[in-house]
Every structure is written in C-alpha cells, then in structure tokens.
Amino acid sequence: MYIQVSAGLGQPQPICEAAAHNLERLATSLKWFKKESEKTYGDPKRLKNLGSLVVDDAERISQRLIDYIDRGCCEPELKTLEAQVRALPWTFQRARGTKVVRVEVFRNIVRAHSNVIKAIQQAQQTASSHASSCTTTSGRSGSGAQP
C-alpha cells in the first residue's frame, strides 16, 4: 500500500520506507472502521473497538517519528508521509440510496488524524534542523531506505 505522490512534474516523491508498515496498519484499520461505520446495523462494540484501533495506529506513527528520522526519513520523506496520511479515508458518511442521510462524527478519530498530522509536521521541522545528517542519508538513496 505505497501511495505514490508526485511532485506536479510527474516525478515521484521519496517515500519513508521506515514508516511503511505502520502506514499500512493505519490504512487497514481505517478501511475496517469505514466498512463497519457504513453498515445499516453495525455493531456498536465492534465500531468502538475498531475506532480504538485507528487511534492506536495513528499514535504509533506519531510515537515512531524520531525513529523514522534516525532510519533515514528526512524532511522530503516526511512531507510525503504527511501526504500519504492525509490521503487515507478519514471521512465517514452513511448513505441511503443516492442521499447522504447522516454524517457520523467520530471525535476520537478526528482528533487522532489531527494529532498525527501535527506530529509529522513537527518531525519535518526536527528533520530540517538535522539537515547535515539528512543530506547524506537522503542523497545516498533518494528514498530514505537503509542500506
């Protein structure tokens, strides 16, 4: 589940390989949550548990950002990670036929989304302040991958 983000000129952006597994987990938990939330008669307990899983997966990414930087994800890779997280399905609506009849508000997931984006943006600033170590790492492979 690598979301390829291009830079307007058709050039792929560097990807933070260190975050790939956790990004995949977050995408999967969001997909499961979205599927359950769209059910006409969804199980409230399952929905709550899946919501907690989404929050945990988002927090896991936030907590691992310094590790990602240490493993070679510098500012360009973190900008791509931010775009990848933003591209995930964070909006949940219920529809009946062709009309949206109710928009569900899941405050804990909205907060988790906001928190992970803020954490990634702060990590970008941290990575840019460590430009000397990131220059050699990013310049080596262009993808942030470890040798």
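The values are calculated or read from the model by the stated rules, or taken from the named source; none is laboratory data. Here the structure is a predicted model, which is why all the values come from computation and not from measurement. So basically every Cβ, Gly included, is an ideal-geometry build from the backbone, and we count neighbours across all protein chains shown. Calculation scope for accessible area: heavy atoms of the full protein, side chains included, ligands and nucleic acids excluded. Shrake-Rupley method; radii C 1.70, N 1.55, O 1.52, S 1.80 Å.
Identify the residue in segment 1-19 that is open to solvent by 70 Å² or more (accessible area, probe 1.4 Å) and either at pLDDT 90 or above or among the hydroxyl-bearing types (Ser, Thr, Tyr) (or both) and, among all such residues, is farthest from the chain's Cα centre (by Cα).
SER6
Somewhere in segment 88-95, is a residue among the aromatic types (Phe, Trp, Tyr), open to solvent by 50 Å² or more (accessible area, probe 1.4 Å), modelled with pLDDT under 95 and at negative phi?
Looking through segment 88-95, none of the residues is among the aromatic types (Phe, Trp, Tyr), open to solvent by 50 Å² or more (accessible area, probe 1.4 Å), modelled with pLDDT under 95 and at negative phi.
Of the residues that sit in segment 20-31 and are under 9 Å from the mean Cα position of the chain (by Cα) and open to solvent by less than 20 Å² (accessible area, probe 1.4 Å), which one is farthest from ARG86 (Cα to Cα)?
ASN22
Is there a residue in segment 32-52 that is of a type in the set (A, V, I, L, M), modelled with pLDDT of 95 or more and open to solvent by 20 Å² or more (accessible area, probe 1.4 Å)?
no
List, please: which pairs have Cβ atoms under 6 Å, are six or more places apart or on different chains, and start with a residue in segment 46-72 that is closer than 15 Å to LYS34 by Cβ and end with one that is hydroxyl-bearing (Ser, Thr, Tyr) and surrounded by 15 or more Cβ atoms within 10 Å (Cβ to Cβ)?
From residues that are closer than 15 Å to LYS34 by Cβ, the pairs are LEU53/SER29; VAL54/SER29; ASP57/SER29.
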